[in-house]
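The values are calculated or read from the model by the stated rules, or taken from the named source; none is laboratory data. None of the values given here were measured: they were computed from a predicted structure. For neighbour counting, all protein chains shown are included, and Cβ atoms are generated from backbone atoms with ideal geometry for every residue, glycine included. SASA here: full protein model, heavy atoms, side chains in, ligands and nucleic acids out. Shrake-Rupley method; radii C 1.70, N 1.55, O 1.52, S 1.80 Å.
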Amino acid sequence: MASTFQAVVIGVSTGGLQALQKLLGQLPADFPLPILIVQHVRPDAGSSLAKLLDERCALRVKEADEQDEILPGTVYIAPPNYHLLVERAGFLSLSADPYVSFARPSIDVLFESAAEVFGPDLIGVVLTGANFDGSRGLQAIKQQGGTAIVQDPADAEARQMPQAAIAATAATGVDYVVALDGMAALLQKLAPRRATLPHITRGRNA
Amino acid sequence: MKSGDVEDVEIRLLLEGVQEIYGYDFRDYADASIKRRLTHWLAESEFDTFSQAQSRLLRERSVFESLLRGITVNVTEMFRDPAFFRAVREQVVPFLKTYPFVKIWHAGCATGEEAYSMAILLNEEGMAGRYRMYATDINEAVLQKAAEGVMPITEMQRFTRNYQKSGGSVSFADYYTARYDRAILSAALKKDIVFAPHNLAVDGEFGEMNMVLCRNVMIYFKPPLKERCLQLFDSSLLAGGFLCLGLKESLEKKQIGARYEELAAPLRIYRKHYG
């Protein structure tokens, strides 16, 4: 059966810079899905993360702006001190609402809003981190029929976040637990062959 | 049909009803954020579903007011984005000081943290008594809190750090009195601020402003409401006046953008052209 995935969401905390460089660095410029990322950063971290990753990856990487259209083969990084959300109409939005799971941007906020919009056509990825953000979000993705990938805790610089994500999704089970090295290949295998604009089928208020 | 889809229908019906009966149109708010806030309100309420809430919401004003408080509350902190406040101090205040008296509109002031930050900054720069700040919000409950000027003492450490990073030079503790778990802001900060209700979706402009601040409020709005706000700010501002937006908001591709230049990129401080 042809892949119907429309987007990848990634949550990462401690050790994120190295992990993201490795994962994104192994994806080709024609990777067909949009990738939305929350990396925990300090509120005054500035936009340097997106710039650095953009220089080192074949894919286009940018810091997410409000009302950015979600385009295939583009990586969007949540800005410091804002939550990143997916709107029904296939656009991104930002919020300055209180911390969720002790974080802003919060992985849970991104994952939950993406799960609502993309339903089963979403891949959620939880990488290294020393907290519990992303667990509830990954659960939401599984409840909507999406696919969950977690970095093998033994392979992660900080294992709490992957471990918590695996435990939280115990009812449905995580679909893949893999080392960082195998993750780019896995994403390419799951992704559709050609880029298609995210087609938001479930929202009616669009 | 999934339960999530049913909830979307419920929310749509509820917002339609609220608009017809109370005149507040939250369909102009960005879907993802408003849904998060509504869901949060529902979880804290006595109702299990939005359909169940609807009947009383549409009949009892007090239930509606609790919803209104829940979904329009914005949070902020004193001297949020210290680099922004530093730029105001160093690059905007010198212009403001050339006027005998300046008027400032702080739209969407929530519980007043940023309005009080601005008052501290202006007073330190020698402008005490030479400005009036109109701090407005749609949510009258938060305005009442703002006017009281009382903050949780636990926040003061963070606010003090922000203040210092923003170029503040005196002891931040001089601006409040600690009383149990609360910090009561000094009366000198309050006397030039007028707190007043204002709904950006329906109410009109504030005339002849030298400065308009509206930070991280429009990010919750859909594009047409955003555009309305910007028109409102533009017609409120005098030529040479300053428009300050949140760090992730810009005038790029906006209708009024051509009449402004960005003074301190990327801090979103814009100055309106003369003529």
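Summary of packing: across the peptides B:185-198, A:7-20, A:150-163, the per-residue average of other C-beta atoms within 10 Å ranks them, highest first, as A:7-20, A:150-163, B:185-198. The packing ranking, built from the mean of other Cβ atoms within 10 Å per residue, places the peptides B:117-125, A:77-85, A:111-119, B:32-40 in the order A:111-119, A:77-85, B:117-125, B:32-40, highest first. Taking the helices alone, chain A has a mean residue ellipticity at 222 nm of -8500 deg cm²/dmol, built from -39,500 (n - 2.57) per DSSP H run of at least 4 residues and averaged over all its residues.
Checking the Cα-Cα distances for A:LYS51/B:LYS222; A:LYS22/A:LYS51; B:LYS97/B:LYS254 against a 20 Å cut-off, the pairs over it are A:LYS51/B:LYS222; B:LYS97/B:LYS254. B:ARG12 to B:ALA178: FRET efficiency via 1/(1 + (r/R0)^6), r the Cβ-Cβ distance, R0 41 Å, to the nearest 0.05? For B:ARG12 and B:ALA178, the calculated efficiency is 0.30.
Electrostatic tally near B:LEU267: other residues with Cβ closer than 10 Å to its Cβ, Lys and Arg +1, Asp and Glu -1, net 0.
Taking 0.36 nm per residue of separation and subtracting the current Cα-Cα distance, fully stretching the chain between B:SER55 and B:GLU148 would add 30.0 nm. Selection among B:SER33, B:GLY70, B:PHE50 by position relative to the dipole of region B:3-71 gives B:GLY70 as farthest towards the positive end (Cβ unit charges, Cα centre). Seen from B:PHE85, the other residues with C-beta closer than 13 Å to its C-beta sum to a net charge of -1, counting Lys and Arg as +1 and Asp and Glu as -1. Taking label points 7 Å from Cα along the Cα-to-Cβ direction, B:ALA83 and B:TYR99 give a separation of 2.7 nm.
Peptide A:77-86 is shielded by partner chain Cβ atoms: per residue, an average of 3 of them sit within 10 Å of its Cβ.
Taking the alpha-carbon centroid of each part, what is the distance from region A:60-90 to region A:136-164 in angstrom? Spelled out, the Cα-based centre of one part sits 21 Å from the other.
Given a Förster radius of 41 Å and the C-beta distance between B:LEU238 and A:TYR99 as r, what FRET efficiency does 1/(1 + (r/R0)^6) yield to the nearest 0.05? Efficiency, rounded to the nearest 0.05: 0.60. Other residues with beta-carbon under 11 Å from the beta-carbon of B:GLY167 carry, at +1 per Lys or Arg and -1 per Asp or Glu, a net charge of 0. Apolar share of the accessible surface for region B:137-229: 52 percent from carbon plus sulfur atoms, 1.4 Å probe. For the protein assembly as shown, the solvent-accessible area works out to 42 Å² per residue, with a probe of 1.4 Å and every protein chain left in place.
Per-residue mean of foreign Cβ neighbours for B:9-16 is 1 (Cβ atoms of other chains, 10 Å radius).
Counting only DSSP beta bridges whose two residues both lie in region B:140-275, roughly 70 percent are antiparallel.
Looking at region A:1-136 only, what percent of DSSP beta bridges run antiparallel? Nearest 5 please. The antiparallel fraction comes to roughly 25 percent. Cross-link reach is defined here as a Cα-Cα straight distance under 18 Å, omitting same-chain residues fewer than 8 places apart; for B:LYS191 the lysines meeting it are B:LYS103, B:LYS145.
Length gained on full extension, B:ALA265 to B:GLU227, computed as 0.36 nm times the residue gap minus the Cα-Cα distance: 11.5 nm.
Which residues, if any, in region B:31-54 have at least 50 Å² less accessible area in the whole protein complex than in the isolated chain, probe 1.4 Å? Buried by 50 Å² or more upon assembly, which counts only protein chains, are B:ASP31, B:ALA32, B:ARG36. The calculated 222 nm mean residue ellipticity attributable to helices in chain B amounts to -12500 deg cm²/dmol, summing -39500 (n - 2.57) over DSSP H runs of n ≥ 4 and dividing by all residues.
Computed from the Cβ-Cβ distance with R0 of 51 Å, the FRET efficiency linking B:VAL194 to A:GLN160 stands at 0.55.
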